[in-house]
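All remarks here apply to the structure that follows.
Coordinate-derived values only; no laboratory data. Since this is a predicted model, take the numbers as computed values, not measurements. FYI the Cβ positions are ideal-geometry reconstructions off the backbone, even for glycines, and counts take in every protein chain you see.
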């Protein structure tokens, strides 16, 4: 069952415990989320393309495909973030959850009041990851698109002792504020650096200046 929501935040719930499934689904729908539920991993995989969730919630221990196995599919084949729910607090399960990229973990038995904060925290972490991936993709595209941009980023890194991502973001911010293309700004930076180097050489030849 899918419920429409003004927030458009979609959650896929996968748990073979019907009581847990129904409880979490009801709490989320009451909070304005859109949900779809299933009791097994294979059905979850079949639903993903149609439902396109913002977050998948996976029970660790399920018959057939486990939540850990389903998480591996999501991690390798999609960009859908996921969190785990489980009645097991063993350290190795938590470790597996982390290694498979989980953005959250809810331990059963849980209180109703814990559900929404746990989901909001997981969605917040998922949003941070999406933004980071988007920034990395933009950076890779820009650097691959032009040698000048790559050189300008390297120059900014050296001059301001910063990392590549920060240097690129500053370069992009300047290009936006000046309403110029990023490669044009990069070319201007490189030209300015070349001119500065020429003056430095001239001053070196005139020590008394």
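In segment 146-205, Rg over Rh equals 1.04, where Rg is the alpha-carbon radius of gyration and Rh the Kirkwood radius from pairwise Cα distances.
A protection proxy built from the mean count of other Cβ atoms within 10 Å ranks the segments 174-186, 193-205, most packed first, as 174-186, 193-205.
Full extension of the segment from residue 50 to residue 125, taken as 0.36 nm per residue of separation minus the current Cα-Cα distance, would add 24.6 nm.
Per the Debye formula on identical point scatterers at the alpha carbon atoms of segment 10-133, with no solvent, log10 I(q)/I(0) at q = 0.14, 0.18, 0.20 Å⁻¹ is -0.52, -0.90, -1.16. For residue 43 and residue 165, the difference between the fully extended length at 0.36 nm per residue and the C-alpha to C-alpha distance is 40.0 nm.
Each peptide in 153-161, 115-123 was scored by the mean count of other Cβ atoms within 10 Å over its residues; highest first, the order is 115-123, 153-161. Averaged over residues, the count of other Cβ atoms within 10 Å places the peptides 48-61, 13-26 in the sequence 48-61, 13-26, highest first. Dividing the convex hull volume of the alpha-carbon atoms in segment 3-61 by its residue count gives 68 Å³ per residue.
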